[in-house]
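Below is one structure; the comments refer to it alone.
Quick note: the coordinates plus some simple rules give every number you see, no bench work behind them. Predicted, not measured: the structure shown is a model, and the values here were computed from it. Using ideal geometry, Cβ is built from the backbone for each residue, glycine included, and neighbour counts are taken over all protein chains shown.
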Amino acid sequence: MDNYDVLIAGAGPTGLVLALWLTRQGVRVGIVDKAAAPGTTSRAMAVQARTLELYRQLDLADEVIDAGKRNVAVNLWVKGKRRAHLSLQDAGAPLTPYPFVLIYPQDRHEQLLLRRLEQAGVEVQRPVELAGFEDRGDYVVARLRDPDGSERTCEARFLAGCDGARSTVRQGLGAGFPGGTYDHVFYVADVQARGLAADGEVHVSLETGDFVILLPYSDDGRARLIGTIRAGHGSGAGAWTFDDVSHRAMHSLGLEVDAVHWFSTYRVHHRVTTHYRSGQVFLAGDAAHVHSPAGGQGMNTGIGDAINLAWKLAAVVRHEAPDSLLDSYEIERIAFARKLVDTTDRLFTFITAEGSFADFVRTRIAPLFASAAYDVGPVRAFLFRIISQITVSYHDSPLSVGSLGAIKSGDRLPWVAQDGVDNHAQPGPIDWQVQVIGKAGDDLRAWCLLHGMALNELAWSPAMEAAGFTRQAHYLVRPDGHVALCNPGAGPDALAHYFRDRAYRRFCA
């Protein structure tokens, strides 16, 4: 019988990233997928800045960026005219090393993750279906169905369901999946395009009763189109083709489609599961939440789930932390998912609303407001923070203690690059660290040395002040780059109390 620390069901981006992070931290992983081969269609396209920051810890960011296409601006069009040009580069440059949206088709993305996982010695078992499981209190027994129909069992300390919106794991837990389904039908098409808007930037056309988003992912006109099929088009569900799509919004962009490489339609759901954890079993990615593709947030949110869960599972598997640490996964990620689903729901409803007043607001008011607001520096930064997911925070988490100046515990550690020093550069293995803005005291330095805690001393500067840091303070940073503790003092007492209060054995000696 196979035995793992963590068994992962589902080998999409969420499951693959979870496996990579766990493997990097020495956790024995098994991963199964019922599909005979990885997907061959582009599906999710956008890789946000926060995902790239987290990929940096796996030495993966540069490779992903080189394989994708950077999009540094979003353009809004109405009736054949560009009404707004929103520069991501201008908005994001002071905030992250990745001030752009990377367009990288999911099929290529998955292939890269698979190669990395195989290099780490882990191979996805295909086509192997999770047929059922039993949580026995301190481990899980899973039934796996092989291609010939035979079944075998394996044991794992934990089971992670990364198996999509129709998740077998979620259904096995009996967890609810409340929400709903929009009336509109979405289409996605991979096309060969030319024309005014085929310039390598993101374009959104807002027309009366119609819209389309153009996401280029090559320099030769290859792009993704996303839009809706309105009532009255085509012959019925499942029978639509690209010819059934209204081309008004495309023509507004001056876009000509020379070839359609892939076309699909689907209905959009907005749902969040009632629980991310039940005993030894966890849900992540689309198994836990689904929502409209507005804003390109879905895959990135699943990857965020995976990384949040991975370092906590690793700490418990290695007997460094108590099982209660894992409770923070649901607390942190379900709050973000609910907020995200609400936000994308509002945006999708606005984009697809029908009627003369809705058309007037969408085509006349919204572009003018977006252009004017984006010229205001704080508004521009705020919008970039939301889209890029660098604003994701865990203020209400039991792992977050205190605030100092503009930084609250639970925030993503603000990024500062100065004099060749980058405070997001990983000092070593994926692990906790302390960042001191100034010089560390001897007692703090000794405590970090005793407990194997990385200590990063950073010179005070105007850039540090602008990012919200406080001179001579120290910040405890979690393995996923979020601030756990803000401490104005120079000594290690606050650190010792933090880990002692959470029975985090590794740092309590």
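Here is how the numbers come out for the structure above:
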quantity: Helix-only mean residue ellipticity at 222 nm for the chain, each DSSP H run of n ≥ 4 adding -39500 (n - 2.57), per residue, nearest 500; calculated: -9000 deg cm²/dmol
quantity: Largest to smallest principal axis extent of the C-alpha atoms in the chain, angstrom; calculated: 68, 64, 37
quantity: Gyration tensor verdict on segment 122-194 (Cα atoms; rounded if a/c is under 1.5, prolate if a/b is larger than b/c, oblate otherwise); calculated: oblate
quantity: 3J(HN,Hα) from dihedral phi, segment 489-497, Karplus parametrisation 6.51/-1.76/1.60, rounded to Hz, x for glycine, proline; calculated: x, 9, x, x, 4, 5, 5, 4, 5
quantity: Length-normalised contact order for the chain - Cα pairs under 8 Å, 6+ apart - percent; calculated: 16
quantity: Mean Cβ count within 10 Å, highest first, over the residues of peptides 434-440, 464-470; calculated: 434-440, 464-470
quantity: Residues whose placed amide H lies under 5 Å from that of VAL185, excluding near-sequence neighbours; calculated: ILE229
quantity: Amide H contacts of ARG83 (H built 1.01 Å from N, under 5 Å, at least 5 apart or other chain); calculated: LEU76, TRP77, VAL78
quantity: Amide H partners (placed H, <5 Å) of GLY489, local residues excluded; calculated: HIS474
quantity: Least to most buried among TYR139, TYR4 (fewest other Cβ within 10 Å first); calculated: TYR139, TYR4
quantity: Whole-Hz ³J(HN,Hα) from phi, Karplus 6.51 cos²θ - 1.76 cosθ + 1.60, for segment 264-275, glycine and proline x; calculated: 8, 10, 6, 8, 9, 10, 9, 8, 9, 5, 6, 8
quantity: Fraction of beta bridges assigned by DSSP in the chain that are antiparallel (%, nearest 5); calculated: 75
quantity: Convex hull volume of segment 403-507 per residue (C-alpha atoms, cubic angstrom); calculated: 91
